[in-house]
């Protein structure tokens, strides 16, 4: 698909996201999902990383069952593939996969579009289904989310090396304030820029090269949609290794926490969407990085939630305009909710914005470490040895 044609296809679909996509999709969520967001269930504390699993052959196809026009994989097949043991928490409703040390690595619940991996909430493209005594997960979710997170080394040929050049995007700017908390006189555009400037210093101190899409209170283009398009153009022109857009969120006042987005895989619904639109079956440039995106998004999200001790709103998927067209792995972070006064007061302090920048930097380091483990440097050849020359004695 030509880049211009793909972008024109998105014109209608992203009309409500042109402010940067920072409003939580409450209108697209059902009531159960909104209740889940306001009062999330208790979950284990996020792990420091995804524990390695033993190697198995990768050329085996996933067995699947066709239900409701979707290909589903039995969770027990996932357990068998990765040496885990299925264990019912509530028979017919909640199923865990437990490792040899007795740790619950994955937790699935019937009729949900999310699951937990090492205590971190991860969204799926399709709901889970209880069928014939087990839970089923869509095959695309297994291939594009679960498998690369459990064993990224199996996808080494689709994963880049650790990032060196990073483009940071401070959401909004100029006459686009983004989310506002008028009572506390807070504009998202100011807070994102402050976090990005702090993050730039941290990353450069760790040896990364950093480019910013904006350095001050300006827009890249007076036209809102063109402004968003030019942000990923900065990364593409620079041939960046990673693009990260920083935002703050808005929803009903009771909602708090952190969300992380990466590009939605082709043929899947974005998180919060309830029906297909014209973009679902299309492949965008961002989809070329599906496997890297899921590793990046997960490492960022688990680190943010753990470091900030914030409510886990989930690692999600979205066809946000700034995620559709980067030619490198890309993520969008919604660090906190300005619509919640208590959380907004924390964001208003320089100390908390420094914590956010630190958490994002730690998440990027975690992603880089995952890629370094997948692509270890070659072992240097031993030095050549030569027998002594008898003629020289």
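The values are calculated or read from the model by the stated rules, or taken from the named source; none is laboratory data. Only a predicted model underlies this, so the values are computations on that prediction, with no experimental measurement involved. Here Cβ is always computed from backbone atoms with ideal geometry, including for glycine, and neighbour counts include all displayed protein chains.
Considering 207, 161, the condition of being in a loop (DSSP other than H, G, I, E, B), in the same structural domain as residue 293 (by TED's automatic domain parsing), surrounded by fewer than 16 Cβ atoms within 10 Å (Cβ to Cβ) and within 18 Å of the chain's Cα centre (by Cα) is satisfied by 161 alone. Only one entry in 310, 283 is touching a strand residue (DSSP E or B) at 6+ places or on another chain (Cβ under 6 Å), assigned by TED's automatic domain parsing to the domain that holds residue 340 and either closer than 17 Å to residue 140 by Cβ or modelled with pLDDT of 95 or more (or both), namely 310.
With a requirement of 2 or more residues that are over 25 Å from the mean Cα position of the chain (by Cα) and at pLDDT 95 or above, the strands (runs of 3 or more DSSP E) lying completely within the range 51-103 that satisfy it span 85-90. Across the range 296-311, the number of residues qualifying as touching a residue at least 24 places away in the same chain (Cβ under 8 Å) and surrounded by fewer than 24 Cβ atoms within 10 Å (Cβ to Cβ) comes to 5. For the range 245-285, the tally of residues that are without any contact (Cβ under 8 Å) to a residue 40 or more places away in the chain and in contact with a helix residue (DSSP H, G or I) (Cβ under 9 Å, 6 or more places away or on another chain) stands at 1.
For the range 121-141, the set of residues classified as within 16 Å of the chain's Cα centre (by Cα) and farther than 30 Å from residue 193 by Cβ consists of 124, 125, 141, listed by residue number. Kindly check whether there is at least one residue in the range 116-128 that is in the same structural domain as residue 340 (by TED's automatic domain parsing), surrounded by fewer than 23 Cβ atoms within 10 Å (Cβ to Cβ) and without any contact (Cβ under 8 Å) to a residue 60 or more places away in the chain. Looking for residues that are in the same structural domain as residue 340 (by TED's automatic domain parsing), surrounded by fewer than 23 Cβ atoms within 10 Å (Cβ to Cβ) and without any contact (Cβ under 8 Å) to a residue 60 or more places away in the chain, one finds none in the range 116-128, hence no. The condition of being assigned to a loop (DSSP other than H, G, I, E, B) and modelled with pLDDT under 95 holds for only one of 277, 217, that being 277.
Scanning the range 258-295 for residues that are within 15 Å of the chain's Cα centre (by Cα), buried (at least 19 other Cβ atoms within 10 Å of the Cβ) and farther than 19 Å from residue 121 by Cβ yields 286, 289, 290, 291, 292.
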